[in-house]
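This report refers to the structure that appears directly beneath it.
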Amino acid sequence: VDVAELDLAYIHGFNYANPILPRALEQVDWSLWQADYLTDQQQASFLYSAFAELERRGVKLFNPPGTLVQNFLKADLLERLRDAGLRVPRMICTNDPAAAEAFVAELRPTPTAWRPATGRATWQLFLDRQKQYLIALRKPPVLLAEGIDGPLIRAYLLNGQPLLCLKRNAPVNTWNAETLEVFEAIECPEVYAALRRLTEVISLRWGLVLFVLREGQAWIYDIDADPIYDWLPAAFQQRLTES
């Protein structure tokens, strides 16, 4: 295929990372880990260069390399959105125990959430045991954020238009039953203008925006420029694929 003749291309499954980390798998022969590591580095470098060259030749990419890079740098990305006037929860990026403790104390009794400062990850509650394990000057910094109260929404966007908005209903334990995690398709037109503005600020042509809906406003926690959705119920997967 002469890729230079393409009008547009959809990039899927390219998990940009810098640096490339060695694969920590049991079946890997660690006597050869350096060779595997170099192979991974060269593969990532080749793909990134190929995508950059496609963009230079005028192919419209979903999403271009620059978007993948800024999506990897979560702290910088979220600050850019805040500077553009979008709602982002109070947040710090730190590996300083004193700074983390001061941030948590300032938010009390509001809960604090955390996630790694780069790449694709999940926000979690920042508990005392996690604070003791995660935060140290010898360890990489993490993101800490105010836990805004409200439903958690995943919005899948294409060219600024919402294809699907899913409300997450978390599992609930009761005395006699346990419910499973449930995703409910919803409409929230009051935030669509803010989501379109977001895609303009960071040149996001296709992606997932994770936000908390509170009083008709979207409080943005995360962006994924190459969302994986094959874990969703089949009906939602089909709806996204067709869209």
**Report entry** Given (1) within 20 Å of the chain's Cα centre (by Cα); (2) open to solvent by 30 Å² or more (accessible area, probe 1.4 Å), number of the condition THR199 does not satisfy
**Finding:** (2)
Query raised in the report: Of all the residues that make up the stretch 15-38, how many are over 22 Å from the mean Cα position of the chain (by Cα) and either at pLDDT 85 or above or open to solvent by less than 60 Å² (accessible area, probe 1.4 Å) (or both)?
Result: 4
Query raised in the report: Within the stretch 78-110, which residues are of a type in the set (S, T, N, Q) and out of contact with any helix residue (DSSP H, G or I) (no Cβ under 9 Å at 6 or more places or on another chain)?
Result: THR110
Query raised in the report: When you scan the stretch 219-243, how many residues do you find that are in contact with a Lys or Arg (Cβ under 7 Å, 6 or more places away or on another chain) and open to solvent by less than 10 Å² (accessible area, probe 1.4 Å)?
Result: 1
Report summary line: Those residues of the stretch 53-72 which are in contact with a Gly (Cβ under 9 Å, 6 or more places away or on another chain) and farther than 18 Å from VAL1 by Cβ amount to ASN63, THR67, ASN71, PHE72
Report summary line: Okay, helices (runs of 4 or more DSSP H) sitting entirely in the stretch 1-120 with 3 or more residues that are more than 21 Å from ILE148 (Cα to Cα) and of a type in the set (Phe, Trp, Tyr), I get 33-56
Report summary line: Checked pairs for the stretch 59-86, first within 22 Å of ILE11 (Cβ to Cβ), second acidic (Asp, Glu) and in a helix (DSSP H, G or I), C-beta under 6 Å and 6 or more apart or across chains, list as LEU61/GLU55; PRO64/GLU55
Report task. Evaluate the following for LEU137: is it assigned to a loop (DSSP other than H, G, I, E, B), free of Cβ contacts under 8 Å to residues at least 12 places away in the same chain and surrounded by fewer than 13 Cβ atoms within 10 Å (Cβ to Cβ)? Result -> no
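The values are calculated or read from the model by the stated rules, or taken from the named source; none is laboratory data. No experiment lies behind these values; they were computed from the predicted model shown. Reconstructed Cβ throughout: ideal geometry from the backbone, glycine too, with neighbour counts over all protein chains shown. The protein model used for the area step is the full one, side chains on, heavy atoms only, and it has no ligands, DNA or RNA in it. Shrake-Rupley method; radii C 1.70, N 1.55, O 1.52, S 1.80 Å.
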